[in-house]
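Participant: Got a structure for you, questions after.
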Amino acid sequence: MPYGAMSASMTQDQKQRTILVLFRMVLAAAGQALIVNITMPLVNFFGADAKAWTYTFLIVGFAGSIIFFFTFLFCHERVQAKETIKNDGVADSLKCLFSNKYWLMLTIAFFCVYTADVTFNTVNIYYCKYYLSDDGLVGIFGTIFNISRLVVMIAIIPILVRYICKRNMLLFACVLLIISVSFRLAMPYSMNAFYAGSLFWGLGQGFAMANLYAMIPDTVEYGEYKDGVRHEGYIYAGASFSSKVAGGFGPVIMGFILSLAGYIPNAQIQQENASQAILLTSTLVPMIILLVAIIAMSKYRLDKEYPQILEEIKLRKQKEFF
């Protein structure tokens, strides 16, 4: 939580916050790829037994701790809360949190985008197996997805953030994701549709995740403007909690729909109802969830209001100082 909340305290510049999030997400993807590639060689080096796994994770954990230490050592929190404000109780803090309309909009969008992503990815292996006759295509999907997502984060968003507000980029992301599942819905047996859908899903997720995490810090300033108190921790905890709930809710949706349709685990051929349920769970269900995210963000105006809000906060602090 401190790692995520730190971006709100490092700068109040919206573009700088976007760049900070991009570095975070790109390097997280690089770190994940590194762990995937070094884990088994390390396990084999230590003897490929139970102790080998323990030694491997001790090394990874120790390296991660050192990296976090240097991260917090060299990052500076330049935005400070007012020292004269007394600490609010949990009830008061939660009241302020849920009265922050832009945080609520973003949290709903967070939940919807994550739920759509988890649902889509959970059922994707079933779609590849029963519609494309090759569950190994999940690996190809992952490759296309990760490359296109990283291209968006590294090469596209740093340019677009100068000209397009984050809310519009998030809405654009939802449109890309809907186009992705539309390919699959229209041509479920087409490999070309599979490749195009994989590409658009990666592009959409690149735009969505980068902008969602870059928009959360802005709601801290809105909360301070409205209530006079900064609640970085609560705001990040709430957004993070919504993503964790989505991570559990997505598989529940998939399991419920497939069970209702009569899905038979490990069957070579599924009944018509089960096959249709697999297709709809990987297309129509994410599409509906993403439409909810678009509706939730339709009234989001913080990108336009932010400069005035920031100026008002600075004027208040100047008056208090003098």
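Participant: Helix 272-281 against the longest principal axis of the chain: what's the angle in degrees, Cα atoms only, rounded to the nearest 10?
Facilitator: 20 degrees
Participant: For region 229-234, just list the computed ³J(HN,Hα) in residue order, Karplus coefficients 6.51, -1.76 and 1.60, θ = phi - 60°, integers in Hz, with x standing in for Gly and Pro.
Facilitator: 9, 8, 10, 4, x, 5
Participant: Given the alpha-carbon gyration tensor of region 248-305, what are the semi-axes of its equivalent ellipsoid in whole angstrom, ordered largest first, with each equal to the square root of 5 times an eigenvalue?
Facilitator: Sorted largest first and rounded, they come to 34, 10, 7 Å.
Participant: With no solvent and one point on each alpha carbon, what is the Debye value of log10 I(q)/I(0) for region 85-183 at q = 0.10, 0.14, 0.25 Å⁻¹?
Facilitator: -0.46, -0.76, -1.37
Participant: Taking the chain as a Gaussian network, where each spring joins two C-alpha atoms under 10 Å apart, which residue of 227, 92, 135 fluctuates the most?
Facilitator: Ranking 227, 92, 135 by mean-square fluctuation puts 92 first.
Participant: Please report, in whole Å, how far the alpha carbons of region 220-322 spread along each principal axis, starting with the longest.
Facilitator: That works out to 76, 24, 16 Å along the principal axes.
Participant: Where does the charge balance sit around residue 8 when Lys and Arg score +1, Asp and Glu -1, over other residues with C-beta under 12 Å from its C-beta?
Facilitator: Net of charged neighbours comes to -3.
Participant: Lys/Arg Cβ at +1, Asp/Glu Cβ at -1, dipole of region 181-288 taken about the Cα centre: which of 286, 205, 266 is farthest positive-ward?
Facilitator: Comparing the listed Cα positions along the dipole, 266 ranks first.
Participant: Need the list of aspartates and glutamates near residue 299 for cross-linking: C-alpha distance under 16 angstrom, and skip anything on the same chain fewer than eight residues off.
Facilitator: Partners found: 218.
Participant: Based on the alpha carbon coordinates of region 7-68, what radius of gyration and maximum Cα-Cα distance (Dmax) apply, in Å?
Facilitator: Rg, Dmax (Cα atoms, Å): 16.4, 50.
Participant: Using the beta-carbon distance between residue 155 and residue 33 and R0 = 22 Å, what value does 1/(1 + (r/R0)^6) give for FRET efficiency, to the nearest 0.05?
Facilitator: Between residue 155 and residue 33 the formula returns 0.75.
Participant: So, one more: Can you tell me the relative contact order of the chain? Whole percent, Cα pairs under 8 Å, sequence separation 6 or more.
Facilitator: So the answer I get is 29 percent.
Participant: Tell me, what is the FRET efficiency for residue 74 and residue 273 to the nearest 0.05, using R0 = 41 angstrom and their Cβ-Cβ distance as r?
Facilitator: Between residue 74 and residue 273 the formula returns 0.10.
Participant: If you build the Cα gyration tensor of region 1-155 and take the root of 5 times each eigenvalue, what three semi-axes come out, in whole angstrom, biggest first?
Facilitator: Computed over region 1-155, the values are 35, 26, 17 Å.
Participant: Among the listed pairs 15/304; 15/244; 166/314, give every one whose C-alpha distance is greater than 20 Å.
Facilitator: 15/244; 166/314
Participant: Now for a separate question. Assuming a viscosity of 1.306 mPa s and a temperature of 10 °C, what translational diffusion coefficient in µm² per second does Stokes-Einstein assign to the chain, Rh being the Kirkwood radius over Cα pairs?
Facilitator: The diffusion coefficient I find is 73 µm²/s.
Participant: Using alpha-carbon pairs under 8 Å, 6+ residues apart, how would you state the relative contact order of region 104-199 in percent?
Facilitator: Rounded, it is 28 percent for region 104-199.
Participant: Another one. Pop out the ³J(HN,Hα) list for region 156-169 in order, Karplus 6.51 cos²θ - 1.76 cosθ + 1.60 with θ = phi - 60°, rounded to Hz; leave Gly and Pro as x.
Facilitator: Those phi angles translate into 9, 4, x, 7, 5, 4, 6, 10, 10, 6, 5, 4, 5, 5 Hz.
Participant: Separate question: Could you rank the peptides 161-171, 244-254 by their average count of other C-beta atoms within 10 Å per residue, with the highest value first?
Facilitator: By packing density, highest mean first, the sequence is 161-171, 244-254.
Any read-out appearing in this document is the output of simple, stated calculations on the displayed coordinates, not a laboratory observation. Keep in mind that this is a model prediction, so the values were computed, not measured. Using ideal geometry, Cβ is built from the backbone for each residue, glycine included, and neighbour counts are taken over all protein chains shown.
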